[in-house]
Each structure stands twice: as C-alpha cells, then as structure tokens.
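The values are calculated or read from the model by the stated rules, or taken from the named source; none is laboratory data. It should be emphasised that the depicted structure is a prediction, and the values quoted were computed from it without experimental measurement. Please note: Cβ atoms are built from the backbone with ideal geometry, for glycine as well, and neighbour counts cover all protein chains shown.
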Amino acid sequence: MKIKCPYCGVRDQGEFSYEGDATIKRPQTDDADAWREYVYSRNNPRGPHKELWSHIAGCRAWIVVERNTLTHEVYNSYLPGENKDD
Ligand SMILES: [Zn+2]
C-alpha cells in the first residue's frame with residue numbers, strides 16, 4: 001500500500017504508523033458515558049474509512065488517510081484540519 005504524505009510525496013506504507021480512527025470527536029460534555037465511549041469504544045469499519053497515520057520514518061507529520069479497509073485503496077490524504085467535512 002502506498003500513502004501520499006503532503007510534505008514528502010508518495011511513500012510505502014512501512015514508513016507510516018497507524019494512529020487511529022480519524023472520525024472520532026472529543027466530547028464537549030462532562031457526561032461519563034460519552035467519555036467512556038470516546039476512550040474505549042472503537043468500530044471496525046469495512047469499506048471506505050478515514051484514519052490517522054503518522055509518517056514516522058519521514059517528516060513525522062500526522063495525516064488523515066481516506067482508504068478502503070477491504071481493498072487498501074487510498075483515495076485521499078491530507079493534513080488534519082484541511083478538510084472542512086472532518
Ligand atoms: Zn512526510
């Protein structure tokens with residue numbers, strides 16, 4: 001699998017580290033159930049998904065990677081905060 005780093009260009013996936021689900025939002029409340037869900041609950045999506053990766057063998061930037069978890073096709077990659085839909 002190849003991932004495009006916004007700073008370094010297209011690189012092999014071995015240069016990156018998976019850091020987690022990019023769709024999870026930090027709760028804006030003190031509700032314990034919302035925080036429990038935020039900290040401990042994760043989905044295992046099948047198909048298109050947004051993930052956080054870091055370029056650990058390169059510039060060390062964190063990036064959002066949109067990819068298909070079944071086919072490993074990478075659709076898009078960008079710096080966190082660049083996409084207004086996130
Ligand atoms: Zn990089």
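Taking the criterion of being surrounded by 13 or more Cβ atoms within 10 Å (Cβ to Cβ) and out of contact with any strand residue (DSSP E or B) (no Cβ under 7 Å at 6 or more places or on another chain), the residues of the stretch 1-27 that qualify are 8, 15, 24, 27. Residues of the stretch 63-86 that are touching a residue at least 24 places away in the same chain (Cβ under 8 Å), assigned to a strand (DSSP E or B) and loosely packed, with under 14 Cβ neighbours inside 10 Å: 75 alone.
Going through (1) within 12 Å of the ligand (Cβ to nearest atom); (2) surrounded by 13 or more Cβ atoms within 10 Å (Cβ to Cβ); (3) of a type outside the set (Asp, Glu); (4) outside any strand (DSSP E or B) one by one, residue 60 falls short only on (2).
A single member of 4, 50 is within 16 Å of the ligand (Cβ to nearest atom), within 13 Å of residue 77 (Cα to Cα) and within 16 Å of the chain's Cα centre (by Cα), and it is 4. Across the stretch 21-43, not a single residue is classified as among the small types (Gly, Ala, Ser) and on the phi > 0 side of the Ramachandran plot.
Could you check, for the stretch 28-47, whether at least one of its residues is more than 19 Å from residue 85 (Cα to Cα), near the ligand (Cβ under 10 Å from one of its atoms) and under 16 Å from the mean Cα position of the chain (by Cα)?
No, the stretch 28-47 contains no residue that is more than 19 Å from residue 85 (Cα to Cα), near the ligand (Cβ under 10 Å from one of its atoms) and under 16 Å from the mean Cα position of the chain (by Cα).
Got at least one residue in the stretch 10-21 being in contact (Cβ under 8 Å) with a residue 24 or more places away in the chain, in a loop (DSSP other than H, G, I, E, B), more than 10 Å from the ligand (Cβ to nearest atom) and within 13 Å of the chain's Cα centre (by Cα)? No, every residue in the stretch 10-21 fails to be in contact (Cβ under 8 Å) with a residue 24 or more places away in the chain, in a loop (DSSP other than H, G, I, E, B), more than 10 Å from the ligand (Cβ to nearest atom) and within 13 Å of the chain's Cα centre (by Cα). Just so you know, in the stretch 28-55 the residues that are in a loop (DSSP other than H, G, I, E, B) and surrounded by 14 or more Cβ atoms within 10 Å (Cβ to Cβ) include one that is modelled with the highest pLDDT, and it is 55.
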